[in-house]
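Asker: Before we start, here is the structure in question, set down as structure tokens.
What follows is calculated from the coordinates using simple rules that are stated; it is not laboratory data. Everything quoted here is computed from the prediction, not taken from an experiment. Here the Cβ positions follow ideal geometry from the backbone for every residue, glycine too, while neighbour counts run over all protein chains shown.
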Amino acid sequence: MLDSVEAETGNGSRITLQRPTVVPGRCIGCGLCEYKCPVSGEAAIRVQA
Ligand code: SF4
């Protein structure tokens, strides 16, 4: 699910981002979001068994 959130850029302007959000009641713990996370280096989400 994507939530619209307001954020401030480095130059002070405001933008709207679509932030991924886990819906606990629908998560099956498959781990896809962790292993396919586009953030470089360590994933931005951890799935625990
Ligand atoms: S673990 Fe799987 S089902 Fe749960 S949020 Fe990540 S991708 Fe979705």
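Asker: Just checking, does the stretch 26-46 include any residue being in contact (Cβ under 8 Å) with a residue 12 or more places away in the chain and among the polar types (S, T, N, Q)?
Answerer: Scanning the stretch 26-46, I find no residue that is in contact (Cβ under 8 Å) with a residue 12 or more places away in the chain and among the polar types (S, T, N, Q), so the answer is no.
Asker: Checking Cys27 against (1) more than 9 Å from the ligand (Cβ to nearest atom); (2) assigned to a loop (DSSP other than H, G, I, E, B); (3) hydrophobic (A, V, I, L, M, F, W, C); (4) loosely packed, with under 11 Cβ neighbours inside 10 Å, which test does it fail?
Answerer: That leaves (1) as the condition not met.
Asker: Select from the stretch 30-49 the residues that are over 14 Å from the mean Cα position of the chain (by Cα) and either surrounded by 10 or more Cβ atoms within 10 Å (Cβ to Cβ) or not small (Gly, Ala, Ser) (or both) and list them in ascending order. First the steps, then the outcome.
Answerer: Within the stretch 30-49, the subset over 14 Å from the mean Cα position of the chain (by Cα) is 30, 41, 48-49.
Matches in the stretch 30-49: Cys30, Gln48.
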